[in-house]
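Enquirer: Here it is, the structure, as structure tokens.
The values are calculated or read from the model by the stated rules, or taken from the named source; none is laboratory data. Since the structure is predicted, the reported quantities are computational estimates derived from the model, not experimental observations. Cβ atoms come from the backbone with ideal geometry, glycine included; neighbour counts cover every protein chain shown. SASA here: full protein model, heavy atoms, side chains in, ligands and nucleic acids out. Shrake-Rupley method; radii C 1.70, N 1.55, O 1.52, S 1.80 Å.
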Amino acid sequence: MKRIISPINSRQDRLPPGQHWTDRLIILGISDPPDINLNNYRLKIFGEVEDPTTLTWDDIMDLERVELVADFHCVTRWSCKDVVWQGFHVNEIKRLVNIKPTAKSVMIHSLDGYTTNVPIEYFFDEDVIFAYKLFDKPLPADNGYPLRLIVPKLYSWKSAKFVKGIEFIPEDRPGFWEQRGYHILGDPWKEQRYSY
Ligand SMILES: Nc1nc2c(c(=O)[nH]1)N[C@H]1C(S)=C(S)[C@@H](COP(=O)(O)O)O[C@H]1N2
Ligand SMILES: [Mo]
């Protein structure tokens with residue numbers, strides 16, 4: 001299996017300003033985790049793409065598996081070192097749907113009603129994956145079962161849990177927390193916490 005170590009882990013300023021290390025992921029979500037039956041689970045990929053598609057869980061299991069080791073930085077100031085995820089790399093999506101040149105950003109849709117936006121150049125990055133395992137075990141319900149986006153270079157509200165849809169959009173627009181005062185991008189090293 002291919003192993004990716006996020007380049008953020010080897011930064012000289014590994015801990016972003018205003019953060020402190022914790023020894024585990026702290027569960028933060030807008031509601032309880034949704035009930036999931038993998039037989040009915042579908043991942044919809046749509047928007048500014050040539051070939052929109054809907055994947056079943058079996059389709060997802062057929063995608064090449066990668067391991068990602070990455071620090072995790074929450075805007076509420078805790079950070080967790082070397083979290084180990086497994087899943088598929090975002091480049092698999094390029095192969096599946098043919099992204100149109102008009103796609104400038106991605107809106108992630110989750111089963112709990114959560115959404116978050118990630119500009120296309122941050123989405124298609126070497127260390128961005130959709131994870132279904134955490135520390136070698138199936139992703140726990142609270143951490144995003146069955147599928148979760150991981151974007152190590154941005155604050156972890158961008159790492160959407162319970163993903164059900166990937167929408168390519170022609171213009172960046174705010175998701176759930178971004179509409180409620182969080183920064184539109186969220187770079188931890190620039191302390192882009194809030195939009196005011
Ligand atoms: N679908 C969904 N994803 C979400 C959230 C949420 O409420 N719903 N909260 C975000 C926030 S603010 C954080 S800090 C992380 C927390 O991840 P964890 O619970 O695995 O530690 O999930 C992010 N992803
Ligand atoms: Mo967060």
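Enquirer: Within segment 70-99, which residues are in a helix (DSSP H, G or I) and not polar (S, T, N, Q)?
Expert: Of everything in segment 70-99, those that are in a helix (DSSP H, G or I) and not polar (S, T, N, Q) turn out to be E92, I93, K94, R95, L96, V97.
Enquirer: Do you know which residues across segment 32-69 are under 16 Å from the mean Cα position of the chain (by Cα) and part of a strand (DSSP E or B)?
Expert: Correct list: L43, K44, I45, V66, E67, L68, V69.
Enquirer: Could I ask something else about it? Here is a list: K104, K100, K94, K81. Which entry is in contact (Cβ under 8 Å) with a residue 12 or more places away in the chain, within 16 Å of ligand 1 (Cβ to nearest atom) and either open to solvent by 20 Å² or more (accessible area, probe 1.4 Å) or closer than 20 Å to G29 by Cα (or both)?
Expert: The match here is K81.
Enquirer: I'd like the residue in segment 1-22 that is assigned to a strand (DSSP E or B) and open to solvent by less than 50 Å² (accessible area, probe 1.4 Å) and, out of all such residues, is nearest to D136 (Cα to Cα).
Expert: I4
Enquirer: Go through (1) open to solvent by 20 Å² or more (accessible area, probe 1.4 Å); (2) more than 16 Å from ligand 2 (Cβ to nearest atom); (3) in contact (Cβ under 8 Å) with a residue 12 or more places away in the chain and name the single condition L25 misses.
Expert: (2)
Enquirer: List the pairs whose first member sits in segment 138-161 and is closer than 17 Å to V128 by Cβ and in a loop (DSSP other than H, G, I, E, B), whose second member is of a type in the set (F, W, Y) and near ligand 1 (Cβ under 8 Å from one of its atoms), and whose Cβ atoms are under 7 Å apart, counting only residues at least 6 apart or on separate chains?
Expert: G144/F162; A160/Y114
Enquirer: Among the residues of segment 115-137, which ones are closer than 16 Å to V66 by Cα, outside any strand (DSSP E or B), open to solvent by 40 Å² or more (accessible area, probe 1.4 Å) and not hydrophobic (A, V, I, L, M, F, W, C)?
Expert: Passing the criteria: E126, D136.
Enquirer: Those residues that are of a type outside the set (A, V, I, L, M, F, W, C) and either open to solvent by 70 Å² or more (accessible area, probe 1.4 Å) or within 16 Å of ligand 2 (Cβ to nearest atom) (or both), I need them from segment 57-78; list them, please.
Expert: Those that are of a type outside the set (A, V, I, L, M, F, W, C) and either open to solvent by 70 Å² or more (accessible area, probe 1.4 Å) or within 16 Å of ligand 2 (Cβ to nearest atom) (or both): D58, D62, E64, R65, D71, H73, T76, R77.
Enquirer: Go through segment 162-184 residue by residue and tally those that are open to solvent by 30 Å² or more (accessible area, probe 1.4 Å) and assigned to a loop (DSSP other than H, G, I, E, B).
Expert: 9
Enquirer: Being within 16 Å of ligand 2 (Cβ to nearest atom) and open to solvent by 30 Å² or more (accessible area, probe 1.4 Å) narrows it down to one of K153, K158, so name that one.
Expert: K153
Enquirer: When residues of segment 28-56 are filtered for being surrounded by fewer than 13 Cβ atoms within 10 Å (Cβ to Cβ) and within 16 Å of ligand 2 (Cβ to nearest atom), how many remain?
Expert: The number of residues fulfilling the criteria is 2.
Enquirer: Something else now. Which residue pairs have Cβ atoms closer than 6 Å, lie 6 or more positions apart in sequence or on different chains, and pair a first residue in segment 111-131 that is within 12 Å of L154 (Cβ to Cβ) with a second residue that is part of a helix (DSSP H, G or I)?
Expert: From residues that are within 12 Å of L154 (Cβ to Cβ), the pairs are T116/K158; V118/K158.
Enquirer: Could I ask something else about it? When you check P16 against the structure, is it in contact with a helix residue (DSSP H, G or I) (Cβ under 7 Å, 6 or more places away or on another chain), farther than 26 Å from D112 by Cβ and at pLDDT 95 or above, yes or no?
Expert: The answer is yes for P16.
Enquirer: Something else now. What are the residue pairs meeting all of these: first residue in segment 3-15, first residue of a type in the set (S, T, N, Q), second residue in a loop (DSSP other than H, G, I, E, B) and modelled with pLDDT of 95 or more, Cβ atoms under 7 Å, and 6 or more apart or on different chains?
Expert: As it stands, the answer is S6/D127; S6/P152, since those pairs meet every condition given.
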